[in-house]
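Worksheet for the structure shown next.
The values are calculated or read from the model by the stated rules, or taken from the named source; none is laboratory data. Values in this document were obtained by computation on a predicted structure and should not be read as measured data. For neighbour counting, all protein chains shown are included, and Cβ atoms are generated from backbone atoms with ideal geometry for every residue, glycine included.
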């Protein structure tokens, strides 16, 4: 299952003509609920299950040179954790092995988990996104970091959310000087079909400033302390 499309907040300046923004009374889906806001890392969306590892763009097993840290048969991340992935479980993460629009200079590892899907215990055969707490437990078991957390708690209003975003965007990325943006999600678990009401994003203006796709002249990102995956 490819990772669902994440809608932009109505006031996200980095949306393009191909992007979608959440509409209507979107605040009701978030205000008063426990939420988690994380840094949106500028990498490639990769997901893994018991069968293989995949790029989001085409949904087929990836063997591209810029995902070699994931699929390499000698020391790729996927082959190290495959036995820990449960049946019907999917792990989603941001892979920073290939540089995109942002050059991170404080990376200590390439792959960061931001979502996991499994089957609901209450409703068998119903796919759900794990709660943030369950995601963290699984990430610790896999020995893989999550994307950096910016805020945990409740938002009171749109103005409160904008204040959080303004403050965090004035600070450097966890891995360099520039942040791409933020992702906000409901802390609790939720059905896959409810994704658009439980996850949204805000992206900096003019995030991609070149018409040349990053894969044309890609280069491997540097790590401070070498860790292949």
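Listing for the model above:
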read-out	value
Test: residue in segment 19-26 that is in contact with a helix residue (DSSP H, G or I) (Cβ under 6 Å, 6 or more places away or on another chain), part of a helix (DSSP H, G or I) and surrounded by 15 or more Cβ atoms within 10 Å (Cβ to Cβ)	no
Matching helices (runs of 4 or more DSSP H) fully within segment 70-179 where at least 3 residues are modelled with pLDDT under 95	none
Extreme residue, farthest from the chain's Cα centre (by Cα), among residues of segment 43-69 that are surrounded by fewer than 15 Cβ atoms within 10 Å (Cβ to Cβ) and not in a loop (DSSP other than H, G, I, E, B)	65
Residue 158 vs. criteria exposed (fewer than 14 other Cβ atoms within 10 Å of the Cβ), touching a residue at least 60 places away in the same chain (Cβ under 8 Å), within 19 Å of residue 39 (Cα to Cα) and in contact with a helix residue (DSSP H, G or I) (Cβ under 9 Å, 6 or more places away or on another chain)	no
Subset of segment 27-36 (residues that are assigned to a loop (DSSP other than H, G, I, E, B) and under 19 Å from residue 133 (Cα atoms))	30, 32, 33, 34
Top-ranked residue of segment 180-229 - restricted to ones that are touching a helix residue (DSSP H, G or I) at 6+ places or on another chain (Cβ under 7 Å) and farther than 30 Å from residue 28 by Cβ, ranked as modelled with the highest pLDDT	218
Odd one out for residue 97, checked against (1) closer than 20 Å to residue 215 by Cβ; (2) touching a helix residue (DSSP H, G or I) at 6+ places or on another chain (Cβ under 8 Å); (3) surrounded by fewer than 18 Cβ atoms within 10 Å (Cβ to Cβ)	(3)
